[in-house]
1. Comparing Met259, Met289, Met311, which has the greatest mean-square fluctuation in the GNM of the chain with Cα pairs linked when under 10 Å apart?
2. How much length is gained on full extension from Arg310 to Ser283, taking 0.36 nm per residue of separation minus their Cα-Cα distance?
3. If every alpha-carbon in region 1-142 counts as one equal scatterer, what log10 I(q)/I(0) does Debye give at q = 0.08, 0.09, 0.11, 0.19 1/Å?
4. Can you give the charge dipole size of region 92-235 about its Cα centre, rounded to the nearest 20 debye, using +1 on the beta carbon of Lys and Arg and -1 on the beta carbon of Asp and Glu?
5. How big is the dipole moment of the chain about its Cα centre under a simple scheme where the beta carbon of each Lys and Arg is +1, that of each Asp and Glu is -1, and everything else is neutral? Debye, nearest 20, please.
6. Farthest toward the dipole's positive end in region 11-86, which of Gly81, Pro49, Pro63, given Cβ charges of +1 (Lys, Arg) and -1 (Asp, Glu) about the Cα centre?
7. Take peptides 241-252, 109-120, 70-81, 133-144 and line them up by average Cβ neighbours within 10 Å, highest first, as a rough protection proxy.
8. If you project the alpha carbons of the chain onto their three principal axes, what span does each projection cover, largest first, in Å?
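What follows is calculated from the coordinates using simple rules that are stated; it is not laboratory data. Note that this is a predicted model, so its numbers are computed, not measured. A quick note on method: Cβ atoms are made from the backbone with ideal geometry, for glycine too, and the neighbour counts reach across all protein chains shown.
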Amino acid sequence: MHRPLIRREVPLTDRNTLRLRSVAELFAEPATDDELLEALAYGRRHHLPVTVLGEGSNVVLSPYLPGLTICVRLEGIGIEGPEVSARAGVNWDRLVHETISRGAFGLENLALIPGMVGAAPIQNIGAYGVELSAFVREVRAVHRKTLQSRAFSAAECGFAYRDSVFKARESEQWVITDVRLRLRADDRPELAYKGVREAVDAAGLEVSARSVARVVSEIRRRKLPDPSSTPNAGSFFKNPIVDSGQAGRLRSQFPDMPMFEIENGFRIPAAWLIEKANLKGRSQDAVMMSRQHALVLTNTGGADAVAVNRMAETVRREVAARFSVTLEQEPRGY
Ligand code: FAD
Ligand code: NAP
């Protein structure tokens, strides 16, 4: 049966990994460029706010999303040597495995990150010592109001730690349609992040992109609560970065606080701060800071955005009171 492009009052509870109760006033899932333009033109004609949703693994959805919510369903992967292009609706983990099996290497440390390709540049996804920005050549996007398509070079994307222009200056302006990457033809995986090399060796595997993707996926399955049984949005806070002055003060006050020196300061694992502030396993309304991984906020059943925001505020307040460090929320609220 033919489904209309724009549908009314569509539930989003199964479309966000925190499983927050939410309904979109209007909802479209364009599968072609023409359908995407048609949906955006409809939004412009009716002066509607437009929200873009991928797989909903990094969002906190309100009970009701007014206006038009668009989930981009553009599909397709092109691989020519190390040059890779992928459309926004492709599942990220599928792209990782497809590139490896076609001899284009580099994405292996980013295996099993949930979500769609179109969302990956938004926060410059990263894990196990690798960030997407290392490979981006170009991001194509359509402006939500003018409907013009344009290409952003890697420099124009303004990538930083879990950040980009699409999340900052140009926030909520664009719909990403395509991502072009330049990967590597040589299979030399990044092994510096703790535990990766050891896991490859312990499994008796040769060092390769394929074996790194496999052990990273295994580590993630072991360490992180699975959203399909324990609704969550991954790390709920970014790992804070402090300058050397603050790092020195913190180190003298809390000698066992882990810190990693990076180019613009010192990174502190937010999970450690949360655990030491006695918030691991803390439960409030229908929300809990996971006992398995302190940085992961979970919905224990029937939570809504209000409950999530209350817990987030409790965590921020108690961590700031104990360590004078400000935590910044990672998932975006709508
Ligand atoms: P959504 O959550 O649906 O959307 C996220 C943001 O992107 C929203 O602002 C949305 O408007 C915007 N967006 C989505 N698609 C488009 C588009 N086509 N055009 C414009 N804007 C768009 N993140 C990491 O960086 N590293 C990790 O290791 C990691 N691990 C995770 C583990 C778990 C268990 C979970 C649940 C999440 C994890 N995340 C991680 C967060 C999340 O997977 C990523 O941020 C991912 O890129 C989100 O993809 P999505 O399709 O679910 O986007
Ligand atoms: P982990 O390996 O226990 O490490 C905890 C923290 O230490 C993170 O802040 C990590 O920074 C930092 N760290 C570890 N080794 C480092 C190094 N050599 N140099 C600089 N910083 C270092 O973390 P985890 O929670 O199990 O996650 C593993 C990886 O997956 C991390 O990269 C994490 O970011 C990513 N991840 C992200 C999400 C998400 O939703 N964003 C969810 C799950 C996992 P980094 O965060 O910068 O790596």
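1. Met259
2. Numbers: separation 27, 0.36 × 27 = 9.72 nm, distance 1.10 nm.
Contour length minus the Cα-Cα distance gives 8.6 nm.
3. Result of the Debye calculation: -0.24, -0.31, -0.45, -1.14.
4. 280
5. Numbers: 45 positive and 41 negative charges, 148 e Å.
Dipole of the chain, to the nearest 20 debye: 720 debye.
6. Value computed over the given set: Pro63.
7. Values: 241-252: 13.8, 109-120: 23.4, 70-81: 17.0, 133-144: 19.2.
Result, highest mean first: 109-120, 133-144, 70-81, 241-252.
8. That gives 61, 49, 37 Å along the principal axes, largest extent first.
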